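One structure is given below, encoded as structure tokens.
The values are calculated or read from the model by the stated rules, or taken from the named source; none is laboratory data. Here the structure is a predicted model, which is why all the values come from computation and not from measurement. Note that we place each Cβ from the backbone using ideal geometry, even for glycine, and neighbour counts take in every protein chain shown. Areas reflect the complete protein model, heavy atoms only, side chains present, ligands, DNA and RNA absent. Shrake-Rupley method; radii C 1.70, N 1.55, O 1.52, S 1.80 Å.
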Amino acid sequence: MASIKDVAAEAGVSVATVSRVLNDHPSVSADARARVLAAVETLGYRPNAVARSLRTDQTRTLGLVISDVLNPYFTELARSVEEEARALGYSVIIGNADERPELQDHHVRTLLDRRIDGLLVSPTDGGSPLMLEAARGGTPMVFVDRWIPGVDVPVVRADGRAAIRDLVAHLHGLGHRRLAIIAGPAATTTGSERVQAFREALAEYGVPLPDAYTGQGDFQVESGRRVTEGFLDLPEPPEVVFAADNLMALGALDAVRARGLRVPDDIALAAFDDIRWFVHTDPPVTAIAQPTGELGRAAVRALIDRIEGRPPQSVTLPARLVVRRSCGANPGDNQTPVQRSTS
């Protein structure tokens, strides 16, 4: 493997000149810079990232702590983050919180100890002292998908309120009046926001949301199954179950099928967070789709802006409703997005 001394000898310059070229120092002449870069290419020289980080106090590494790596939404988000970071010259270390605040804090602490340049986090809740300390202590940080209210950190997220209104309008148009929701954890912003948006959208049509039709889930499959079983045991079960994330929707589907019932003939099903699997279920599931790839890329750009001293901007992108057949729509409506209403 070529060393910096080999590059200097090949280019006919000093080691110091090679170092200045590699660190983009302006004092190097155009001719010397060209010879050094040519030598780097010829010899296949790669700078030692660890040594460079000690000199520049940068590691060119970002940390990403996601809520659940088994959730296809977060898997896709992590992929887009890694791709965008790599394109901009950064590497990414990923930690999976598994929806557990203590595991989230473990990953945050480990990443900070490894001297990452910045941190992307989808918080499992808003009560972590370590998260608050890191956010307020100057660590370059961006919240993605979820956020901690009152903490001055840029947030990159999707706004699903208009899409939820579109969903309720779609369900109301199909004649459904008894609508239930499997809510996410109230300690997360997405959990509380989605159930509130659903309640407000129902109110626009004069449709109540009884306590019996509000089930508390945790963004995991088993909670979707458990809550749906409770709905089905009611004297008057709901006509529609809206799961506030994709894994809970899969649990709801399991519960319905375990009773020998069919979607949408016996009960309709819709989900927040569209996933590729939903087009392969029978019937395909109506879902609210977030622009996941765009969110991941925007989050990386916002974090690098903060690392490099540029003013970072929060980003909010719209989610959209994708109508399929799980709520009783005609087959011709399969996978057709409805026109979004104006926020």
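For the reader, a short list of remarks on this structure follows.
- Accessible area of the chain divided out per residue, in Å², using a probe of 1.4 angstrom: 46 Å²
- The chain: relative contact order as a whole-number percent, Cα under 8 Å and 6+ apart: 16 percent
- If you wrap the stretch 184-291 in the convex hull of its Cα atoms and look at it from every side, the mean projected area works out to 6.9 nm².
- Helix 189-204 axis, angle to the chain major axis (alpha carbon atoms, nearest 10°): 40 degrees
- Normalised radius of gyration (Cα atoms, divided by 2.2 N^0.38 Å) for the stretch 85-144: 1.09.
- The chain - mean residue ellipticity at 222 nm from DSSP helices (-39,500 (n - 2.57) per run, n ≥ 4, rounded to 500): -13000 deg cm²/dmol
- 0 to 90° range, to nearest 10: angle between helix 30-43 axis and the chain longest Cα axis: 70 degrees
- Per-residue packing, averaged as other Cβ atoms within 10 Å, sorts the ranges 267-274, 74-81 into the order 267-274, 74-81, beginning with the highest.
- Axis of helix 246-258 versus longest Cα principal axis of the chain: the two differ by about 40°, to the nearest ten degrees.
- With every protein chain in place, the chain: carbon and sulfur % of accessible area (1.4 Å): 50 percent
- Extension gain from residue 83 to residue 34, taking 0.36 nm per residue of separation minus the Cα-Cα distance: 14.7 nm
- Potential lengthening between residue 5 and residue 60 on full extension [0.36 nm per residue; Cα-Cα distance subtracted]: 17.4 nm
- Rough spin-label spacing in nm, given labels placed 7 Å along Cα→Cβ, for residue 200 and residue 317: 2.2 nm
- One quarter of the surface of the convex hull around the alpha-carbon atoms of the chain equals 21.0 nm², the direction-averaged projected area.
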